[in-house]
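Below is one structure, written out as structure tokens; the observations come after it.
The values are calculated or read from the model by the stated rules, or taken from the named source; none is laboratory data. These numbers were taken from a predicted model, which means no experiment stands behind them. All Cβ positions, glycine included, derive from the backbone under ideal geometry; neighbour counts span all protein chains shown. Surface accessibility is based on the protein's heavy atoms, side chains included, excluding ligands, DNA and RNA. Shrake-Rupley method; radii C 1.70, N 1.55, O 1.52, S 1.80 Å.
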Amino acid sequence: MFINIDKGVDIVGDIHACFDEWLEMLDRLGYQKNEQGFYVHPKGRKMVSLGDVMSRGPKSIETMVFFLKHRHLMYMIDSNHGWKIARWLDGRNVQLKHGDEKVEEEFIEFERKNGKEKTVQLKKELRDMLINLPSHYILSEKGQPKLVCVHAGIREEFIGKESERIKNFCRYGDVAGVDQQGKPIRRDWYKQYKGDLLVVWGHDPKPEPLMVNNTINIDQGVVFGGKLTAYRYPENEFVFVDAKKDYAGVKDNPLKR
């Protein structure tokens, strides 16, 4: 749950299977592919993903496999889509919707090309990675906590702790039921946040980074035709990669509300 960031850190928002934009982001941030095929930063910077690396977009398997390969070099947080896909990969009875069904479609094609044995093995490896992710990370500089990375939100009293209640809050945010269309009714948890640690989060797409009460939202809806965002610390700067297209193609585009 704790990460040392003495050499700097790059935090990336929701990728949602936009693999090409993700590779472009790595290039812009200065990560380089070494002889073993791993992307590393020459200055030793750390990379943290806020989760939701899959679903909705075109290349879920490629993106998940990237993080599987880099699991000892990069960090990823539990998330709502990640948790749903983890349980699906585990063989549980879950309903795939809101873009999660695209992951199943990719696996059907993967099995057609690579066979059942390789597909079963890959599903197990991805399941093991996703199902064990922490709800949040605390990032420390010179031994002092500085930032919290979480997918959808966190309360100050939850930081550094873990429970089912905390995991669900971190995955989904402060949800007050669903509306008539079945969409979650979200409370703006960040308006009540009064913690000293900067919280960097994603999940709820905003046209631009939203900075309220020592929190920063860096989900700028790349899969909805927006942009992929990275927040760099200690530089306190943003790096953006524009989406190549609107991959999700939903009528209710969150960036146009």
If you place +1 on the Cβ of every Lys and Arg and -1 on the Cβ of every Asp and Glu, how big does the dipole about the Cα centre of region 1-62 come out, in debye to the nearest 20?
220
With contacts defined as alpha carbon pairs under 8 Å and 6 or more residues apart, what's the relative contact order of the chain in percent?
22
For region 84-140, with every protein chain kept in place, what is the accessible area per residue (1.4 Å probe, Å²)?
57
Rg (one decimal) and Dmax (whole number) from the Cα set of the chain, in Å, equal 17.4, 53
Work out the length of the dipole vector of region 42-136 about its Cα centre, built from +1 on the beta-carbon of each Lys and Arg and -1 on the beta-carbon of each Asp and Glu, and round it to the nearest 20 debye.
320
Selected from 18, 61, 132, residue furthest toward positive end of dipole (the chain; charges at beta carbon)
132
Would you be so kind as to identify which of 99, 42, 74 lies farthest towards the positive end of the dipole of the chain, taking Lys and Arg as +1 and Asp and Glu as -1 on Cβ and the Cα centre as origin?
99
Please give the charge dipole size of the chain, origin at the Cα centre, charges +1 on K and R Cβ atoms and -1 on D and E Cβ atoms. Round to the nearest 20 debye.
240
May I ask what percent, to the nearest 5, of DSSP beta bridges between residues of region 1-117 are antiparallel?
25
So for region 1-113, using the alpha carbon gyration tensor with a ≥ b ≥ c as root eigenvalues (a/c under 1.5 gives rounded; past that, a/b versus b/c decides prolate or oblate), I'd call it prolate
Ranked output for segments 113-121, 10-18 by mean other Cβ atoms within 10 Å, highest leading, reads 10-18, 113-121
Protein accessible area in the chain, 1.4 Å probe - carbon and sulfur %:
47
Checked against a 25 Å limit on the C-alpha separation, the offending pairs among 194/251; 167/245; 227/251; 46/167 are 194/251; 167/245
